[in-house]
Structure formats: structure tokens, C-alpha cells
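Please read the structure below before turning to the comments.
The values are calculated or read from the model by the stated rules, or taken from the named source; none is laboratory data. Bear in mind that the values here come from a model prediction, so they are computed numbers and not experimental data. Cβ: placed from backbone, ideal geometry, glycine included. Neighbour counts: every protein chain shown.
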Amino acid sequence: MFTRLTDTSIRADLRKGLRQFYFVAGNDSFLIDNCIRLIAETVDGETVRIDFCEADTETVEEQLTTYSFSNKLLVIDNFKASEFSGEKKDLYTDLLSDLPSTLTVSVILYSDDPRFRIPKAAENMTESVDGAAMVSCFKKERDQLYSYIKRLAQRAGAEISGEAASVLIDLCGDDLQLLSTQIEKLAAACGYKEIREDTVRRMCPRTTEESVFSFLRAVERGQDREAVRLLNEMLETDNEPVRVLAAISGSFVNIARVKAANEKRIPRDRLEEEFGYRKGDRALGVAYINERRYSKERLDRIMVLLNDTDRKLKSSAADKRILLEQAMVRLSLIASGRA
């Protein structure tokens, strides 16, 4: 029977001694990377990485059976449960059950689906190794983020007020990498004392999601200059027009889902469950506020515009920033009812 760990309990488990096999799975890449880093630090040897889907049988067998006088961590990335069958299943099951004493193996299964669940094939692989551990790395709810931020502040040698933590979550969302970076900066700024709300507001930049909320408000009110300023701000923060468009499109997808749910009298908790939103998701809350501003016809026109723009950004040789700016002018006209 394998041991089940989380991204927070693996550190304590590693203090007891290194296991030879870890299956690290979840929908948060930062947590997964952090767990692999902790394992690598404990191994204190060479780290080798191979791709589960692309590595041939001979490569896998060589890496899993080669004896070395120095410790080695083998990271098997991009695990696909659908491919864990036949020859590949036999190979891994046989070799993982008898690993060289100097070799530690970690398999990574990452999914960006918020509704992701660890498949049975992953558990079967972990079961094949004595004393193995499965490490779950899933995105955190708001109350979990509070605890995470408190711990980050303590590790940085500071404290953080509840109000400051709340504002920081609003600005950074559940981006743990960004939260970690911001806490280190804020701790230094407050002299490693208490991080307060005014310090967070003064020093932390808005995320793209937060900027999208402000951008939508400006667009709906026909405040074109403010919308252009916010669009430029997003492009300077995240200079990939495709990603900025994806954030804007995501907001309108939320609005469309809320409108459809309201028409069918589907409650919010059911909508959250069916589409994998976190309970109390702020982006969905904004959609509930804005939904009444848009008729179905207007939403349809906006979604067509956004889909066409996405296609052009990914296929056209034209300047992508200009394409996005032109599309946002049209979006402003439609959303504000001027077109």
C-alpha cells in the first residue's frame, strides 16, 4: 500500500527518509515543480528527465536499471494514463518493483483541468513499488490560500495582516509562484515586521485577470481612453496578445455561462460544480454582476469577434498587437451598445 501525501506534507515526510518512488500529480504546476525540487534536494545528486510519451523502451529500461555509485533522481514527465497499457505498462511495472538503491524515480502527471482527478492507472503504477508515495498538488481554495500566505510570510521573517492577505489574493489569485514572489518583496519592504494592506496595494501589480475586470467596466461604459490604457497595461505586463485575448475571452465565456444558467434557473453552486469553478470563484461572481448588461444577441456578436480575433492572432503574419487593438475597438463599440 502506498502512502498518500500532499504538497504541504511531503516536506515532513522527506525528513523521515527518502522514498524510492514518488508519483506527483495535480493541476497546479508550481506545486508540482516545488515538490520535485524538494525531492531533488534530498537526493542531492544528478537529476535526469525523460518524457513518458516519447521515450522508447530501451531508454526507459537503461535509465531504470543503470547502477551508479552516485545518487540519481529520474524524473519521468508527461505521464498519460491512456498510454499506460500493454508493453509500456509491463515495462514500468516490472522495472519499478526492483530499482537500484541509488535511484529515486518521480513520475509527473499534470493537468490544467480544474476538475482533474488522479486516474486509477496512476495509483496502479504507484502500488507496484514498495513504500512508494503519491503526492497530490491541487489548486487551493481561498481559505487554504490564507494559510499558505501566512506560512510564506513566516518563512520570509515577517507577518501579514488578514486584510493584507485578502487583498493579495484578490490581486494574485491562486498563482502560488506570484504569491511567493510578492511575499518576499513585501517582507523586505516592511522591514520584516507586519505586512499591511496599504503596503500590498502600493507595491503589488494587478494580475491580468484583475486588469480584465477593470477593462470590461471601461468597455461597458464606453470609456475608450481608459480601456486603451488598461489594454496597454496588460500588454506590458504580459506581452503575448494571444494570452491577453484569452483572459478577456474567458470573462465573456463566464458571462455567457451565467446567462444560460439564469435562463434555465440553474443555481450557482450547480454551475460551479459542472464547470469546475472553485466555490465562491471571484471571476464567476463578476460574471453574475455583469450578465444583465448583455443581451444574448450582443453576447453572440462578442463571442464571434473574439473567436475570429483568436484565429487571426494564431494564423496571420500581421502585427499581433495591432490586430488585438483593432478587435478591442470593435469590442468596445459592441459592448457599450454603440454598434
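Of a type in the set (A, V, I, L, M), closer than 21 Å to residue 338 by Cβ and either touching a strand residue (DSSP E or B) at 6+ places or on another chain (Cβ under 7 Å) or surrounded by 12 or more Cβ atoms within 10 Å (Cβ to Cβ) (or both): is that true of residue 266 in this structure? Spelling it out, it is not the case that residue 266 is of a type in the set (A, V, I, L, M), closer than 21 Å to residue 338 by Cβ and either touching a strand residue (DSSP E or B) at 6+ places or on another chain (Cβ under 7 Å) or surrounded by 12 or more Cβ atoms within 10 Å (Cβ to Cβ) (or both).
How many of the residues making up the stretch 170-192 are in contact (Cβ under 8 Å) with a residue 24 or more places away in the chain, surrounded by fewer than 17 Cβ atoms within 10 Å (Cβ to Cβ) and β-branched (Val, Ile, Thr)? So the count comes out to 0. Looking at 287, 247, 260, just one residue is among the aliphatic types (A, V, I, L, M), over 18 Å from the mean Cα position of the chain (by Cα), crowded, with 17+ Cβ neighbours inside 10 Å and more than 18 Å from residue 222 (Cα to Cα), and that residue is 287. For the stretch 290-317, a tally of residues being in a loop (DSSP other than H, G, I, E, B), of a type outside the set (Phe, Trp, Tyr) and either assigned by TED's automatic domain parsing to the domain that holds residue 116 or within 27 Å of residue 222 (Cβ to Cβ) (or both) returns 1. Only one of the listed residues (138, 69, 52, 84) is of a type in the set (A, V, I, L, M, F, W, C) and within 30 Å of residue 272 (Cβ to Cβ). That residue is 138. Among the residues of the stretch 26-54, which ones are crowded, with 18+ Cβ neighbours inside 10 Å and among the small types (Gly, Ala, Ser)? Listed by number, the list holds a single entry, 26.
Checked against (1) in contact with a strand residue (DSSP E or B) (Cβ under 8 Å, 6 or more places away or on another chain); (2) at pLDDT below 90; (3) among the aromatic types (Phe, Trp, Tyr), residue 79 passes all but a single condition, namely (2).
Just checking, does the stretch 42-53 include any residue being in contact with a Ser or Thr (Cβ under 9 Å, 6 or more places away or on another chain) and within 18 Å of residue 133 (Cβ to Cβ)? There is at least one residue in the stretch 42-53 that is in contact with a Ser or Thr (Cβ under 9 Å, 6 or more places away or on another chain) and within 18 Å of residue 133 (Cβ to Cβ). Listed by position, the helices (runs of 4 or more DSSP H) inside the stretch 132-223 whose residues that are within 30 Å of residue 107 (Cβ to Cβ) and over 17 Å from the mean Cα position of the chain (by Cα) number at least 1 are 142-155.
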